[in-house]
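Bear in mind these aren't lab numbers, they're just calculated from the coordinates by the rules spelled out. All values derive from a computational prediction rather than experimental measurement. Using ideal geometry, Cβ is built from the backbone for each residue, glycine included, and neighbour counts are taken over all protein chains shown.
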Amino acid sequence: MNWSKHNIISRIKDSQNYILVNSLHGQADILTPENADCVLKNESPKDSSFEEKGYWIDEKREESIYREKYLKFAEARDKEEIQIFFVPWYSCNFACSYCFQDEYAPVNADLSDEMMDAFLNYVKKTFAGRRKYITIFGGEPLLPGKEKMEYISRFLERASEEKLTVAIVSNGYHLKSYREILKKGLIREIQLTLDGTEEIHNSRRPLKGGKTTFDEVVEGIDMALADGYTVNLRAVVDKKNIDNLVTLAEFADKKGWASNPNFKTQIGRNYELHHCQSKPADLFERAELHEKLYELAVKHPVLLKFHKPAYSLTKFLFQNGTLPDPLFDSCPGTKSEWAFDSTGRIFSCTATVGKSEEQLGTFYPEVYLDSDKVSTWENRDIMTIEKCGTCNMRLACGGGCASIAKNRLGTLHSPDCRPISELISLGTGLYFKEESINV
Ligand code: SF4
Ligand code: SF4
């Protein structure tokens, strides 16, 4: 018998206690320092509950459970809903201070019906029998002008005919002008971005030419919620705007957004995915950002009303009372995510779309997929990344983002490590405060 290879033990933030988590066996326990001692020192447990819960286990037995759960994961993944990104054009009317797409060479979008039909036919044939939805993405998909507005209108109509729901990722500036057009689609969600309250947002996300955008985005959010759409508000943060997040949370609260069941949020970390205009000193490392969010949330509980960070397994555990299933792969690219653009090209996901060297094939004028490239993507999981094979956090981490891993280490089958232990410590401190004090 040994300690499980999947035990993660972390000292709970702002507590003397520890949290012990094991994703393979679906267990999580808060331990006093005395109870945690044997785990920390790698000594045999004095208490039989460690064995009952799988924290202390026979190695062979654990391997067989691991294999069994891996097969279940692969089976479930084959049934997952597929998110299909479609980029009608890469152009954008904003000049965000940190935009990474500014380096993309302009490509000529083909806005013909033929191209649109080719895309929808490809989706219909290739993903037949799978649950799926489309996300329109850019650049900025909701641009002004007759040609662009008519295109989006036709696209939504055609997607509705195919019974496909559509999510839209927009900067929100022209959302109001698209109000009637949106009614043609089966709109699943509208993702908009506010990087803070008025002054901060306007300094980071002006129109090209410098005009402010805050009021228009706010009106767009009000309109979308009034029309019953789900709004997913994203704030892209770095060290320059993080403190303003509390003021944004108060603003969202006053507007009644935070208590609207159709309103959700995500915090995006401004980081160097491919290229980024921000100064590296202004960017957060992952753990650093989460530490800062923790500090802000403890001081200003309104922040949690606006956004509850996932903090690895802990938000899920707090909300559901159980751990999520073991995560053998956290990168959906080419498995349950694909990206297409209106030049007829196929990519793995939003991180690679538009990068010619990452192209996996075409759906127009001819259908072609580079099967070697696709299988390199498809095969990536924690079993194919050497470092993950011996990592105790692998079933909570899943190997991270393939694109980030490739940018950093040159190959898809390399790790993009997540600070799992730190996140669990912060999340337990935040969501299980009382329990951590009372144990
Ligand atoms: S490569 Fe990164 S961005 Fe692309 S699907 Fe995987 S995790 Fe997501
Ligand atoms: S990516 Fe890093 S942290 Fe994640 S499982 Fe692999 S080795 Fe562990």
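Normalised by 2.2 N^0.38 Å, where N counts its residues, the alpha-carbon radius of gyration of segment 1-105 equals 1.74.
Using only alpha-carbon positions in the chain, the gyration tensor eigenvalues give semi-axes of 39, 28, 19 Å once each is multiplied by 5 and square-rooted (largest first). Principal-axis analysis of the Cα atoms of the chain puts helix 214-226 at an angle of about 80° to the longest axis.
Ellipticity at 222 nm from helices only: DSSP H runs of n ≥ 4 in the chain, each -39500 (n - 2.57), divided by the residue count, give -10500 deg cm²/dmol. Distances between placed amide hydrogens fall under 5 Å for ILE12 paired with ASN17, TYR18, ILE19, all partners being 5 or more residues away or on another chain. Here LYS124 is the anchor, and the lysines within straight C-alpha reach of less than 21 Å, apart from those fewer than 8 places off in the same chain, are LYS79, LYS132, LYS163, LYS184, LYS335.
Only lysines eight or more places from LYS53 in sequence, or on another chain, were considered; those with a Cα closer than 29 Å are LYS5, LYS13, LYS41, LYS69, LYS72, LYS308, LYS315, LYS387, LYS433. Remark on ILE82: its backbone amide H falls under 5 Å from those of ARG131, LYS132, TYR133, a criterion applied only to residues 5 or more positions apart or on other chains, H modelled at 1.01 Å from N. For segment 213-228, backbone nitrogen atoms closer than 18 Å to the point 7 Å from ASN260 Cα along Cα-to-C-beta are found at 214-228. The slack in the chain from ASP227 to ASP117, taken as 0.36 nm per residue of separation less the alpha-carbon distance, amounts to 36.7 nm. How high is the FRET efficiency from SER160 to THR390, r the C-beta distance, R0 60 Å, rounded to 0.05? So, using R0 = 60 Å, E works out to roughly 0.75. Each label was represented as a point 7 Å from its Cα along the Cα-to-Cβ direction; for LYS46 and ALA310 these points are 3.9 nm apart.
In percent, what relative contact order does segment 81-309 have, based on Cα pairs under 8 Å that are 6 or more apart in sequence? So the answer I get is 19 percent. Per the Kirkwood formula applied to alpha carbons, segment 81-309 shows a radius of gyration over Rh ratio, Rg over Rh, of 0.97.
Each label was represented as a point 7 Å from its Cα along the Cα-to-Cβ direction; for GLU34 and LYS279 these points are 5.2 nm apart. With the cut-off at under 19 Å, measuring from each backbone N in segment 368-402 to a point 7 Å along the Cα-to-Cβ line of GLU59 picks out 387-394. To the nearest Å, what is the center-to-center distance of segment 188-258 and segment 306-322, using C-alpha atoms only? Cα centroid of segment 188-258 versus Cα centroid of segment 306-322: 24 Å apart.
Distance between the 7 Å Cα→Cβ label points at ASP253 and ALA95: 3.6 nm. Answer rounded, prolate or oblate for segment 337-379, using the Cα gyration tensor with square roots of eigenvalues a ≥ b ≥ c: rounded when a/c is under 1.5, else prolate when a/b is larger than b/c, else oblate. Taking the square roots of the gyration eigenvalues as a ≥ b ≥ c, segment 337-379 is oblate.
Look at LEU233, LEU31, LEU111 and count the other Cβ atoms within 10 Å of each Cβ; fewest to most, that gives LEU111, LEU31, LEU233. Note on LEU409 and THR322: the extension gain reaches 27.8 nm, defined as 0.36 nm multiplied by sequence separation minus the Cα-Cα distance. Listed values for segment 147-161 are Karplus-derived 3J(HN,Hα) couplings in whole Hz (6.51 cos²θ - 1.76 cosθ + 1.60, θ = phi - 60°), namely 4, 5, 5, 5, 5, 5, 4, 5, 4, 5, 4, 5, 5, 5, 4, and x replaces Gly and Pro. Between the helical axis of 245-254 and the longest alpha-carbon principal axis of the chain there is an angle of about 70 degrees.
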